[in-house]
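**Student:** Below you will find the structure I want to go over with you.
The values are calculated or read from the model by the stated rules, or taken from the named source; none is laboratory data. This structure is a prediction, so every number in the text was calculated from the model and none was measured. Here the Cβ positions follow ideal geometry from the backbone for every residue, glycine too, while neighbour counts run over all protein chains shown. With ligands, DNA and RNA removed, areas are computed over all heavy atoms of the protein, side chains included. Shrake-Rupley method; radii C 1.70, N 1.55, O 1.52, S 1.80 Å.
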Amino acid sequence: MQVTSVGHAGFRIDTKAGSILCDPWVNPAYFGSWFPFPDNSALDWAALGDVDYLYVSHLHKDHFDPQNLSEHVNKDAVVLLPDFPVPDLRRELENLGFHRFLETTDSVKHRVSGPTGDLDVMVIALRAPADGPIGDSALVVDDGETTLFNMNDARPVDLDVLHTDFGQIDVHMLQYSGAIWYPMVYDMPARAKEAFGVQKRQRQMDRCRQYIAQVAATWVIPSAGPPCFLDPALRDLNDDHGDPANIFPDQEVFLEQMRSHGHDGGLSMIPGSAATFTGSNLDSLTHPLPDDEVHAIFGPGKADYIAAYAERMAPVLAAEKSGWAPAAGEPLLEPLRELFEPIMAASDQICDGIGYPVELRLRGGGHDETVVLDFPKRVVRGPIPDEKFRYGFAIAPELVRTVVRDREPDWVNTIFLSTRFSAWRVGGYNEYLYTFFKCLTDERIAYADGWFAEAHDDSASIELDGWEIQRRCPHLKADLSTFGVVEGDTLTCNLHGWQWSLTNGRCLTSKGHELRSTRR
């Protein structure tokens, strides 16, 4: 089996029984904020796209690149389609011309037959509203000699199925770096923001190491990050200036983390790097550049590399910005009322879970307007004099006009991941609020509201450090015997970093989500 990196979470997997292209992203994403790192624009995408199978893990634009898929990927490729509750991914791929689909069943092994042999594949589908925009997934491939687990940036809850169905995993690819806007965009004191950034940076790498230990693969390939920020307004977000609070560490930083914890099986790959495996043996690893030039990308020359990259991509970024809607124009209150109020009316669980009005400040380019999303009353309105808010966002009006114009169903994975906004809040993170912004279609909101309404069994218990607690995390049902860490009277679930007070079961991260806990 040969595994070729095509950048970020993208890989081409070549076997005797066929080739699979995974998550081929090259064009800028999230309002031009994210570019692949290192640069993968010079790869031979036409050759890479001539494959037998296509796997797109989910609809995030750093995984689903419609322009690249349309221009370069074989439309007769069989799509390994995740078992998602809402068919948005299939519809998008059909619109691009793909017409052959293998509709997989979640966590079930499938055998696909080609002219020269068979492959066993499994797609683990994540279906909680917090996953992707209604869905994320991971792929297992077994060619009879080598078994590969491409986890990209999915966070599976239960991985026992891997060893039950496939035995030893030889190669494991997974995310280790940040893919979020927290804490950078929040209005908070600089010292607090730095402390939260340091904590976030380490926790995401700790979570990655927990997955590595659970999967126990011979070889680990850090992937799915970090993004590269080439807009001058965002350049400080790159981890190229020794900031311990930066949440976007690169591959070499994480490989050093692995080595410091006794794991020497990490492989550094850049776009165009190819690794060949026979079973658990690494037969070869080649790079498209000399080793010293590869090292320079991540070492002391990283800032210079990014500066040169930004210069090359300046016309691409300018073209991206030229497609945004203008900032100035008619008031946005009525378009937002037309968009949001039907969704609010169909989402009792989510609106009640948000529980308060949310402020949108839309200012810039000659436009100055405040719009209030009044979730308790299910209306969109103007502000009341001296009104106070527990949650708010300041967003450039051109971004809002663009997503409204394009009927974008997911603001989280457009505006928010762009980091081109600021936010403030009183109290904890509100998962219901961000779920609402991901689910701006009738299908999505109906599924998400039903998911929250469904009763979950929390009767099973475990013991951790002198506490009896429910086994399943109240957030997304992770197994706390694997992901739970107790420090004093606080429980942290390292899958997403959520915390609870064990003395009273109260969630310290978000509203609701109480935990059952008793001191032994």
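**Student:** From the residues I13, V121, V108, which one has its Cα farthest along the dipole of the range 7-148 in the positive direction, the dipole being from +1 and -1 charges on Cβ of Lys/Arg and Asp/Glu about the Cα centre?
**Tutor:** Among I13, V121, V108, the one farthest towards the positive end of the dipole of the range 7-148 is V108.
**Student:** Further question on the same structure: Normalised by the number of residues in the range 176-293, what is the relative contact order in percent for Cα pairs under 8 Å and 6+ residues apart?
**Tutor:** Once normalised by length, the contact order is 27 percent.
**Student:** Right, next: May I ask for the longest run of the chain untouched by GluC sites (Glu not before Pro) that are loop-located per DSSP and have at most 14 neighbouring C-beta atoms (other than their own) within 10 Å?
**Tutor:** My reading of the result: 146-386 is the longest stretch.
**Student:** Carbon and sulfur together cover what percent of the accessible area of the range 1-79 at a 1.4 Å probe radius?
**Tutor:** The value for the range 1-79 is 46 percent carbon and sulfur by accessible area.
**Student:** Taking N as the number of residues in the range 204-265, what is its alpha-carbon radius of gyration divided by 2.2 N^0.38 Å?
**Tutor:** Rg over 2.2 N^0.38 Å, computed on Cα atoms: 1.26.
**Student:** Nearest 500 deg cm²/dmol is fine: what mean residue ellipticity at 222 nm does the chain get from its DSSP H runs of n ≥ 4 alone, each adding -39,500 (n - 2.57), divided by its residue count?
**Tutor:** Only helices count here, giving -8000 deg cm²/dmol.
**Student:** Over 23 Å, how big is the tail of the calculated P(r) for the range 241-343, in percent of all Cα pairs?
**Tutor:** That fraction is 56 percent.
**Student:** Please give the residues of the range 293-320, grouped as numeric ranges, whose backbone N is less than 16 Å from a label point set 7 Å along the Cα-to-Cβ vector of H241.
**Tutor:** Those under the cut-off are 301-308, 310.
**Student:** Put +1 on the Cβ of each Lys and Arg and -1 on the Cβ of each Asp and Glu in the chain; which of T435, N27, A318 then has its Cα farthest toward the positive end of the dipole?
**Tutor:** After comparing all options, I get T435.
**Student:** Over the range 296-421, what is the relative contact order in percent, taking alpha-carbon pairs closer than 8 angstrom and at least six residues apart?
**Tutor:** Computed over the range 296-421, the figure is 25 percent.
**Student:** If you don't mind, another one. If ligands, DNA and RNA are left out, what is the accessible area of D76 with a 1.4 Å probe, given in Å² to the nearest 10?
**Tutor:** 80 Å²
**Student:** What's the extension gain from E293 to N281 if we count 0.36 nm per residue and subtract their Cα-Cα distance?
**Tutor:** Net length gain for the segment: 1.7 nm.
**Student:** Might you tell me the accessible area per residue for the chain, computed with a 1.4 Å probe and given in Å²?
**Tutor:** 39 Å²
**Student:** Pick out the long, greasy-scoring helices in the chain: whole DSSP H runs spanning 18 Å or more along their own axis by Cα, mean Kyte-Doolittle at least -1.0.
**Tutor:** Passing helices, by number: 302-322.
**Student:** Leaving ligands and nucleic acids out of the surface, order L230, L508 by accessible area at 1.4 Å, largest first.
**Tutor:** L508, L230
**Student:** So what is the relative contact order for the range 363-461, in percent, with contacts set as C-alpha pairs under 8 Å and at least six apart?
**Tutor:** Answer for the range 363-461 is 23 percent.
**Student:** If the chain between I180 and K377 were fully stretched, how many nm would it gain, using 0.36 nm times the residue separation less the Cα-Cα distance? Don't jump to the answer; show the numbers that get you there.
**Tutor:** Numbers: separation 197, 0.36 × 197 = 70.92 nm, distance 2.97 nm.
Once the chain is fully extended between I180 and K377, it gains 67.9 nm.
**Student:** Compute the Cα gyration tensor for the range 240-288, then decide on rounded, prolate or oblate, letting a ≥ b ≥ c be the square roots of its eigenvalues: rounded whenever a/c is under 1.5, prolate when a/b is larger than b/c in the other cases, and oblate in all that remain.
**Tutor:** Oblate, since a/c reaches 1.5 and b/c is not below a/b.
**Student:** Projected area of the range 481-520, taken from the Cα convex hull and averaged over every viewing direction, in nm²?
**Tutor:** Numbers: hull surface 11.2 nm².
The Cα convex hull of the range 481-520, projected and averaged over all directions, gives 2.8 nm².
**Student:** Where does each of D206, D236 land when they are ordered by accessible area, with a 1.4 Å probe and the largest first?
**Tutor:** D236, D206
**Student:** While we're here: In whole angstrom, note down how far apart the Cα centers of the range 221-238 and the range 289-341 are.
**Tutor:** 10 Å
**Student:** How much net charge surrounds H72 when only other residues with a Cβ under 14 Å from its Cβ are counted (Lys, Arg +1; Asp, Glu -1)? Let's see the in-between values first.
**Tutor:** Details: positive: R12, K75; negative: D23, D44, D50, D65, E71, D76.
Taking every other residue near H72 into account, the sum is -4.
**Student:** Evaluate the distance, in nm, between pseudo-label points positioned 7 Å from the Cα of T218 and of E71 along their respective Cα→Cβ axes.
**Tutor:** 3.9 nm
**Student:** For V220, which sequence-distant residues (separation of 5 or more, or a different chain) have an amide H within less than 5 Å of its own amide H, given hydrogens modelled in the peptide plane?
**Tutor:** Under 5 Å from the amide H of V220: H172, G266, L267.
**Student:** Hey, another quick one. Given a 1.4 Å probe and every protein chain left where it sits, what share in percent of the accessible area of the range 361-520 is carbon and sulfur?
**Tutor:** Percent of accessible area from carbon and sulfur atoms in the range 361-520: 46.
**Student:** Give me the one-decimal Kirkwood hydrodynamic radius in Å for the range 170-299, with the sum taken over alpha-carbon pairs.
**Tutor:** Every distinct Cα pair counted, the radius reaches 16.0 Å.
**Student:** Now a separate question. Is there a quick way to get the dipole size of the range 154-281? I mean about its Cα centre, with the Cβ of Lys and Arg at +1 and of Asp and Glu at -1; what is the value in debye to the nearest 20? Present the calculation step by step, with values, prior to reporting the outcome.
**Tutor:** Details: 10 positive and 16 negative charges, 55 e Å.
Its charge dipole is roughly 260 debye.
**Student:** Let me know the charge dipole size of the chain about its Cα centre in debye, to the nearest 20, where only the beta-carbon of Lys, Arg (+1) and Asp, Glu (-1) is charged.
**Tutor:** 1340 debye
**Student:** Still on this model: From the Cα gyration tensor of the chain, with a ≥ b ≥ c the square roots of its eigenvalues, which class applies: rounded if a/c is under 1.5, or else prolate if a/b is larger than b/c, or else oblate?
**Tutor:** Rounded, since a/c falls under 1.5.
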